[in-house]
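The values are calculated or read from the model by the stated rules, or taken from the named source; none is laboratory data. Note that the coordinates shown come from a computational prediction; the quantities given were computed from them, not determined experimentally. Using ideal geometry, Cβ is built from the backbone for each residue, glycine included, and neighbour counts are taken over all protein chains shown.
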Amino acid sequence: MLDAHYLLVLLLFALIIWLWRNNLAARERAIEVAGRTCRQVGVQMLDQTVAITRLGVGRSAYGLRLRRRYRFEFSTDGSDRYPGRVELLGLTVVSVQLDGPSGLVVS
């Protein structure tokens with residue numbers, strides 16, 4: 001019976017490592033997408049980072065995936081700050097939104 005407990009602990013540890021690596025990959029993807037979108041619309045991504053605001057489960061063509069929403073900030077002239085969002089389903093980009101001074105820009 002003790003061997004089954006070790007196997008369970010090992011499987012749990014493997015799941016934790018997989019989730020950690022998957023979250024790092026998703027965060028890096030969100031940073032990449034936010035930065036690229038900011039460059040495309042001619043604004044500056046501030047702090048070069050994102051923060052997760054929502055985590056859930058969503059359905060894709062390949063089955064259930066983690067749905068994550070990240071927020072970031074950008075500036076139009078270096079002295080202002082506006083919010084932006086990136087939503088991923090797995091590692092696939094669902095949407096990118098920039099809430100700028102002239103209204104909502106969706107990419």
**OP:** State all residues of the stretch 1-41 that are free of Cβ contacts under 8 Å to residues at least 60 places away in the same chain and among the β-branched types (Val, Ile, Thr); if no residue qualifies, say none.
**Re:** 9, 16, 17, 31
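What residue, among those in the stretch 94-107 that are of a type in the set (Gly, Ala, Ser) and at pLDDT below 90, is nearest to the chain's Cα centre (by Cα)? Walk me through how you get there before you give the answer.
Of the stretch 94-107, the ones of a type in the set (Gly, Ala, Ser) are 95, 100, 102-103, 107.
Still in the list and also at pLDDT below 90: 100, 102-103, 107.
Details: 100: 20, 102: 25, 103: 23, 107: 15 Å.
Across the stretch 94-107, the extreme among qualifying residues is 107.
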Original post:
Which of the residues spanning the stretch 69-89 are in a strand (DSSP E or B) and either polar (S, T, N, Q) or touching an Asp or Glu at 6+ places or on another chain (Cβ under 6 Å) (or both)?
Top reply: 69, 75, 82, 83
Original post:
In the stretch 39-93, which residue that is within 15 Å of the chain's Cα centre (by Cα) and β-branched (Val, Ile, Thr) is farthest from residue 28 (Cα to Cα)?
Top reply: 57
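Every residue, every condition in (1) acidic (Asp, Glu); (2) in contact with a Cys (Cβ under 8 Å, 6 or more places away or on another chain); (3) outside any strand (DSSP E or B); (4) modelled with pLDDT of 95 or more, yes or no:
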| site | (1), (2), (3), (4) |
| --- | --- |
| 3 | yes, no, yes, no |
| 6 | no, no, yes, no |
| 35 | no, no, yes, yes |
| 40 | no, no, yes, no |
**OP:** Please specify each residue of the stretch 33-81 satisfying the condition of being over 16 Å from residue 97 (Cβ atoms), of a type in the set (Asp, Glu) and either touching a Pro at 6+ places or on another chain (Cβ under 8 Å) or surrounded by 13 or more Cβ atoms within 10 Å (Cβ to Cβ) (or both).
**Re:** 80
**OP:** Please verify whether the stretch 42-60 includes one or more residues that are in contact with a strand residue (DSSP E or B) (Cβ under 7 Å, 6 or more places away or on another chain) and touching a residue at least 40 places away in the same chain (Cβ under 8 Å).
**Re:** yes
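Can you tell me which residues in the stretch 82-107 are under 16 Å from residue 43 (Cα atoms) and either surrounded by 15 or more Cβ atoms within 10 Å (Cβ to Cβ) or touching a Ser or Thr at 6+ places or on another chain (Cβ under 8 Å) (or both)? Outline the logic, then answer.
Going through the stretch 82-107, the residues under 16 Å from residue 43 (Cα atoms) turn out to be 82-86, 96-107.
82, 84, 85, 86, 96, 97, 98, 100, 101, 105, 106, 107 - these are the residues of the stretch 82-107 that are under 16 Å from residue 43 (Cα atoms) and either surrounded by 15 or more Cβ atoms within 10 Å (Cβ to Cβ) or touching a Ser or Thr at 6+ places or on another chain (Cβ under 8 Å) (or both).
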Original post:
Mind checking which pairs have a first residue in the stretch 78-94 that is at positive phi and a second that is of a type in the set (Lys, Arg), Cβ under 6 Å, 6 or more apart or different chains?
Top reply: 90/65
